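Visitor: So that we are looking at the same thing, I have put the structure below in structure tokens.
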Amino acid sequence: MARPTTLEKTTSLMHSLFYIISSNMPHVSTIIPTHNREEFIGRAIESVLEQTCSEFELLVVDDGSTDGTVDVVKAYSDDRVNCLTLDTNQGANAARNAGIQHATGEYITFLDSDDEYDSTFIETVIKSLTKAPDNIGGVYTSRRQVYEGNEVEIHFANQSLSNPQTVVHDYQAYGFSNWAFRADVFDQVGMLDETFPGLQDREFMIRYLREYDLQPINEILVTQYLHSGQMSTNSDRKLEALEGLLTKYSELFDEMAQAHVDYYRGWLYAKDGDIEMAQQYFWRSLRQQPFRPKYQLQAVASLFGQTGFKAINSLKQRTKYLIYQYR
């Protein structure tokens, strides 16, 4: 048998080195932006460390916290946990962008610091993405919302998205915590817009859907925790950001989109407890699109005051969950 040549030996060695290096590279980069979340950040980190898929790096980006958030993060000895710090509070998208720039994984996921993954989140999204065609740059999963220990809403991922108008017609993709992308998507779509005070997920998704499709994963793999102090502040920011979307993407807002915007405004006012303003916008959306069942439901529900509105929507959510469990 002929002995291998020097070139063959060199080539074999390079292949071996490449394999060793590449096998040690994180398969997934998970980015957690955080600001003054000392109370919650540990829960989010633990949910990542408990994943059934262990090939990841976790980039926690502290956005100028003034509490003990950084101390909590740095207390983790797991070498997959990395803490990046911004000197001043620049906003969640600035923190996410810093994470993207430092990410070394082939795939990128995000997790808000007061949310948590189910243990199979990373494994499930990566299996889906590795089998997806090139036009699928990302996936989104179903998620549950919890407020004061009670499950208040479930958002089901059951629709493939390909048209940016779906973001303003009837938003289905929900938000960063239940998204996962190929890392090269950000080279094509661009980074996240740091100027938006809210609805940052919608703004990015409009641009994303101009380049790629978004594939659903129906499993409930994320829990979003709502808490007092966050809700009214977020509503104010979202109302401001809504005007920004209307300006930046005015070409997308036809009559159907405007009806959805009014419906969304109604939801924000209802969450803030202003049922009278919510009622105005629900009925306004219904006048524009009178045959939409959910517009009909919320317009009628708003007639029963805040208590009745909550009760009707709680019943609606329990019904959706039962259908999901027994189908």
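Visitor: Going through Ser142, Ser177, Ser128 one at a time, which residue ends up being touching a residue at least 60 places away in the same chain (Cβ under 8 Å) and either in a strand (DSSP E or B) or charged (D, E, K, R) (or both)? Step through it out loud before you land on a result.
Guide: Details: Ser177 fails: either in a strand (DSSP E or B) or charged (D, E, K, R) (or both); Ser128 fails: either in a strand (DSSP E or B) or charged (D, E, K, R) (or both).
Among Ser142, Ser177, Ser128, only Ser142 is touching a residue at least 60 places away in the same chain (Cβ under 8 Å) and either in a strand (DSSP E or B) or charged (D, E, K, R) (or both).
Visitor: Tyr140 is checked against (1) within 11 Å of Leu214 (Cβ to Cβ); (2) surrounded by fewer than 16 Cβ atoms within 10 Å (Cβ to Cβ); (3) not polar (S, T, N, Q) and fails just one. What number does that condition carry?
Guide: Unmet condition: (2).
Visitor: Which ranges mark the helices (runs of 4 or more DSSP H) fully within region 237-327 that have 2 or more residues being touching a Lys or Arg at 6+ places or on another chain (Cβ under 8 Å)? Please lay out each step first, then the result.
Guide: Working: elements: 255-271, 275-288, 293-301, 305-326.
Of the helices (runs of 4 or more DSSP H) lying wholly inside region 237-327, those with at least 2 residues that are touching a Lys or Arg at 6+ places or on another chain (Cβ under 8 Å) span 255-271, 275-288.
Residues are listed down the side, and each one gets a yes or a no for (1) among the aromatic types (Phe, Trp, Tyr); (2) closer than 15 Å to Val152 by Cα; (3) assigned by TED's automatic domain parsing to the domain that holds Leu199; (4) touching a residue at least 60 places away in the same chain (Cβ under 8 Å):
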site: Tyr269; (1), (2), (3), (4): yes, no, no, no
site: Gln279; (1), (2), (3), (4): no, no, no, no
site: Arg284; (1), (2), (3), (4): no, no, no, no
site: Phe291; (1), (2), (3), (4): yes, no, no, no
site: Tyr295; (1), (2), (3), (4): yes, no, no, no
site: Val300; (1), (2), (3), (4): no, no, no, no
site: Gly305; (1), (2), (3), (4): no, no, no, no
site: Leu315; (1), (2), (3), (4): no, yes, no, no
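Visitor: Quick one: in region 145-174, of everything that is under 16 Å from Leu111 (Cα atoms) and assigned to a strand (DSSP E or B), which residue is farthest from the chain's Cα centre (by Cα)?
Guide: First, the residues of region 145-174 that are under 16 Å from Leu111 (Cα atoms): 145-146, 173-174.
Next, from what is left, pick out any that are assigned to a strand (DSSP E or B): 145-146.
Details: Gln145: 13, Val146: 16 Å.
Looking at the filtered set, the residue picked out is Val146.
Visitor: Now, a different point. From the list Gln159, Gln165, Gln172, which one is over 27 Å from Ala98 (Cβ atoms), at pLDDT below 90 and surrounded by fewer than 21 Cβ atoms within 10 Å (Cβ to Cβ)? Spell out the reasoning first.
Guide: Details: Gln159 fails: at pLDDT below 90; Gln165 fails: at pLDDT below 90.
It is Gln172.
Visitor: Looking only at residues that are surrounded by fewer than 24 Cβ atoms within 10 Å (Cβ to Cβ) and touching a helix residue (DSSP H, G or I) at 6+ places or on another chain (Cβ under 8 Å) in region 49-67, which one is farthest from Ser119 (Cα to Cα)? Working first, answer last.
Guide: Here is the first cut: in region 49-67, the residues surrounded by fewer than 24 Cβ atoms within 10 Å (Cβ to Cβ) are 49-57, 64-67.
Of the ones still in play, those that are also touching a helix residue (DSSP H, G or I) at 6+ places or on another chain (Cβ under 8 Å) are 51-53, 56.
Working: Gln51: 4, Thr52: 6, Cys53: 9, Phe56: 13 Å.
For region 49-67, the residue satisfying everything is Phe56.
The values are calculated or read from the model by the stated rules, or taken from the named source; none is laboratory data. Predicted model, so just to flag it, every value in this text is computed and none were measured. In this analysis, Cβ positions are derived from the backbone assuming ideal geometry, glycine residues included, and neighbour counts consider all displayed protein chains.
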